[in-house]
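Trainee: Here it is: the structure, laid out below.
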Amino acid sequence: MSCDDPGIRVEGLSKRYEVYAQPADRLKQMILPRMQRALGRPAHAWFREFWALRDVSFDVRKGETVGIVGRNGSGKSTLLQLICGTLSPTLGKVAVSGRVAALLELGAGFNPEFTGRENVRLSGLLYGLSERELAACHEAILDFAEIGDFIDQPVKTYSSGMYVRLAFAVAINVSPDILVIDEVLSVGDEAFQRKCFARINRIRANGATVLFVSHSAGTVIELCNRALLLDRGELLTEGSPKYVVSRYQKILYSPAGKYQSIRERIRTGKEADALPFDEQSEPRVRTSCTAGVGDPEGRGGAQAVDGAVTTPVAAKAVGNGPAKGMDGSFFEEGLIPKSTFHYDNSGASILDPHIETPDGRRVNILEAQREYLYAYRVKFDRTVRDARCGMLIKTITGLELAGCITSWHGDSLPNVDAGTELEVRFRFPCLFASGAYFLNAGVQGRLGGEHVYLDRWIDGAMFKVLHEPGRLATTMMDIGIKPEIHVSNGVTA
Amino acid sequence: MEQIPAMTTSAYRLTDPLSPYLALTRHFALVVQMARRNVTGRYRGSFAGLFWSFLNPLLVLAIYTFVFGVIFKSRWDARATDHFQYAMVLFAGLNINTFFAECANRATTLIVENASFVKRVVFPLETLTWSTLGSALFHLCVSTLVLLAASPVVMGHIPWTVILFPIVVMCFLPFVAGTVWLLASLGVYLRDLRQAIGIVTMAMMFLAPIVYPRTLVPMRYQDLLYLNPLTIIAEASQNVLVFGEPPVWGHLGLYVLGSGLFAWLAFAWFEKTRKGFADVV
């Protein structure tokens, strides 16, 4: 089989759920409309309809790993179930080649009353394994799942982690041609997740096709060759994982009123770039960014593979990039902390805390290794002595990563008159790992002899750092550690 | 490249009257696994375990023998040799009803209780019928063995006609399978069915010559008993297991035709209606 063989082909797929008030209505629906039509009367419908998928078409080539992203209720799970055959399409066609192993939601078809061992056997039989094949992979499954003695207990007594471990162990050990994974790995602990991803990589290396639903942008970017964005049952766009994930996040954080227009722009964007996932559309951007500023290792090239849209920073830095960055690729209006806490202010107020690029463009999606400014204004409504300002960057869990103040007590601004407005800027390199970060802002001063906070914001702004391909630094900050490795005994491979 | 064999379309040629049995032969390993699980699952956690499946019928037979042989001193009909034979006849007939009732009662909740097989995996749901029959058949076999073991003690011999018993059961199976398919499908849509089925199976027991001989029924009602699908099978079982008489072959021949037709229609109904399961389970 050649590489161009589609592993999965989906054509004009639509799924309508029929929602019945009572089970008996389902039976009526099967019988009565036919009779009504036979009698020449209009057929009555006993259900409310809900279209979970509308006219979705795509191909997945053999050996490809494709991620599916979308908000809750966008039709991801329905799509996977249609591909696995547990649901039947209302319209359209699905075709697959080879054995499909699936991890759908929690449960994966286990019977809760059966023991782990019985379920393994049962699943094996359902995957069409012969007795001999079953015996051969039985041990491998138990080894991988690490269930221990619980294997002879009914699976209803399992913890969710054990459940998923067993389900995953079965799915990957039946040597599937197509592996379908629906956002289940997040249940396992990190060590097990690591093991699963290693195993998925091995399966991919053996030429299997992987279809993968995840809410974790990082995982999709890391793991997938391509991604699809589903929204309200519609395939909005497809393309490189990074391109799709950034669109997904845009939809995710869209402010209530803007959702429709953002959605429409993403959808029509797809029509504008005839083939957004065409390999040819990427080098165009890549070549224009190879000399990214603040990127001595030349890693900038890989950073701006964002479909056909160039970054504002890159456009400025290189000077000749296509000036298409104005659609706010690096600014999401909805990216506003929900945890903002504003202390009652006295004497001064902090206004508009935000991040901007060195050339003054507002952003909140940051690229690693570039420089940014954290800026806010302070308006004084009383005369204050010894004023100074500060900031703090924190992780999503509240860990305080880095901060700065404008001066020590001694060299603070000695006297600020009422009515003065200060502009404060903190320039910082983005050394952070991909993820979300939160910003505090504060201004202190002496009011009537006492040194107090004049105004203070907790989580006044937030930003996200994009995944940086090829990043060697681990955990939160890339503080510039340079790895070296030498063969010490003179033997080389 | 193959089209996904969608859950909801039948994998069988329903015009074929033998299609119900393909469901058994195609997925034999699965049926055996599920049936075995049904049997062992019932006794899971109990100390005596599988031993109960022997103990239960043994105790039931002992109670019948005492009540009907010692207290009532009943005689079945003209063929009866002594009081104790009554308990044996009763037991032979009741086993048939128990087998049927066990399957029918399970059938109404068969799909609903296996919701994960409907929604989560591509499962050949039609085989659940055969595994239900399989586990009930195991219990029928055990009960019959208990009956045979008691025969030398109670009657002094084992009639040679017991070798015909498997034939009688084979004639019965299509009818029971059809019932399970029909009730399993209807049970999904009509949830009241599971409440009603208990009284129906009880009525079928009392309206068949199981606890009384047919000859006891007033002449003009006797033929009506044959409308009960249990009648022919129960009488045939009593004949071959206790009285040492062969079954009425003409009856059994007609029965197997009707039974097969019913199984075929019920199977087709099940396959036609299964597409709605996922919507309401």
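Trainee: I'd like to verify a number: residues in region B:32-43 that are facing chain A (nearest Cβ under 10 Å) and aliphatic (A, V, I, L, M), how many?
Mentor: The total comes to 2.
Trainee: Then there's this: Within the group A:86, A:78, which residue is of a type in the set (Val, Ile, Thr) and modelled with pLDDT of 85 or more?
Mentor: Exactly one of A:86, A:78 is of a type in the set (Val, Ile, Thr) and modelled with pLDDT of 85 or more, namely A:78.
Trainee: Here is a list: B:15, B:81. Which entry is in a loop (DSSP other than H, G, I, E, B), more than 26 Å from the chain's Cα centre (by Cα), more than 14 Å from chain A (Cβ to nearest Cβ) and among the β-branched types (Val, Ile, Thr)?
Mentor: From the options B:15, B:81, the qualifying one is B:81.
Trainee: Going by the structure shown, is residue A:36 within 12 Å of chain B (Cβ to nearest Cβ) and either surrounded by 14 or more Cβ atoms within 10 Å (Cβ to Cβ) or modelled with pLDDT of 85 or more (or both)?
Mentor: So residue A:36 does not fit the description; no.
Trainee: Part of a helix (DSSP H, G or I), within 14 Å of another protein chain (Cβ to nearest Cβ) and either in contact with a helix residue (DSSP H, G or I) (Cβ under 9 Å, 6 or more places away or on another chain) or surrounded by fewer than 20 Cβ atoms within 10 Å (Cβ to Cβ) (or both): is that true of residue B:96 in this structure?
Mentor: no
Trainee: For residue A:418, which of the numbered conditions (1) in contact with a strand residue (DSSP E or B) (Cβ under 7 Å, 6 or more places away or on another chain); (2) surrounded by 13 or more Cβ atoms within 10 Å (Cβ to Cβ) fails to hold?
Mentor: Looking at each condition in turn, residue A:418 falls short on (2).
Trainee: Pick out, from region A:73-192, the strands (runs of 3 or more DSSP E) lying fully within it that include 1 or more residues that are at the interface with another protein chain (Cβ under 10 Å from one of its Cβ atoms) and under 24 Å from residue B:275 (Cα atoms).
Mentor: Output list reads A:91-96, A:100-103.
Trainee: Would you mind stating whether residue B:177 is part of a helix (DSSP H, G or I) and either under 24 Å from residue B:256 (Cα atoms) or in contact with a Gly (Cβ under 9 Å, 6 or more places away or on another chain) (or both)?
Mentor: It is true that residue B:177 is part of a helix (DSSP H, G or I) and either under 24 Å from residue B:256 (Cα atoms) or in contact with a Gly (Cβ under 9 Å, 6 or more places away or on another chain) (or both).
Trainee: Still on this structure: Have a look at B:46, B:10 and point out the one that is part of a loop (DSSP other than H, G, I, E, B), more than 14 Å from chain A (Cβ to nearest Cβ), surrounded by fewer than 19 Cβ atoms within 10 Å (Cβ to Cβ) and of a type in the set (Gly, Ala, Ser).
Mentor: B:46
Trainee: Residues B:30, B:55: which one is out of contact with any helix residue (DSSP H, G or I) (no Cβ under 9 Å at 6 or more places or on another chain) and either in a loop (DSSP other than H, G, I, E, B) or not basic (Lys, Arg) (or both)?
Mentor: Just a single option satisfies the conditions, and that option is B:55.
For every residue, the table says whether it meets (1) within 14 Å of chain A (Cβ to nearest Cβ); (2) within 22 Å of residue B:110 (Cβ to Cβ).
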| residue | (1), (2) |
| --- | --- |
| B:178 | no, yes |
| B:187 | yes, yes |
| B:199 | no, yes |
| B:210 | no, no |
| B:217 | no, no |
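Trainee: Have a look at A:469, A:483 and point out the one that is more than 28 Å from residue A:388 (Cα to Cα), within 37 Å of the chain's Cα centre (by Cα) and loosely packed, with under 10 Cβ neighbours inside 10 Å.
Mentor: Just one listed residue meets the conditions, A:483.
Trainee: Could you count how many residues in region A:416-465 are touching a residue at least 12 places away in the same chain (Cβ under 8 Å), out of contact with any Lys or Arg (no Cβ under 7 Å at 6 or more places or on another chain) and not in a strand (DSSP E or B)?
Mentor: Of the residues in that region, 6 qualify.
Trainee: Now a separate question. If you go through region A:377-415 one residue at a time, how many are in a loop (DSSP other than H, G, I, E, B), under 18 Å from residue A:461 (Cα atoms) and touching a Gly at 6+ places or on another chain (Cβ under 9 Å)?
Mentor: 1
Trainee: Would you confirm whether or not region B:180-187 contains a residue that is β-branched (Val, Ile, Thr) and within 19 Å of the chain's Cα centre (by Cα)?
Mentor: Checked against the condition, which is being β-branched (Val, Ile, Thr) and within 19 Å of the chain's Cα centre (by Cα), region B:180-187 yields at least one hit.
Trainee: Determine if region A:9-27 includes at least one residue that is assigned to a helix (DSSP H, G or I), within 12 Å of chain B (Cβ to nearest Cβ), under 20 Å from residue A:91 (Cα atoms) and charged (D, E, K, R).
Mentor: yes
The values are calculated or read from the model by the stated rules, or taken from the named source; none is laboratory data. Computed from a predicted structure; not experimentally measured. Every residue, glycine among them, receives a Cβ derived from its backbone with ideal geometry; neighbour counts consider all protein chains shown.
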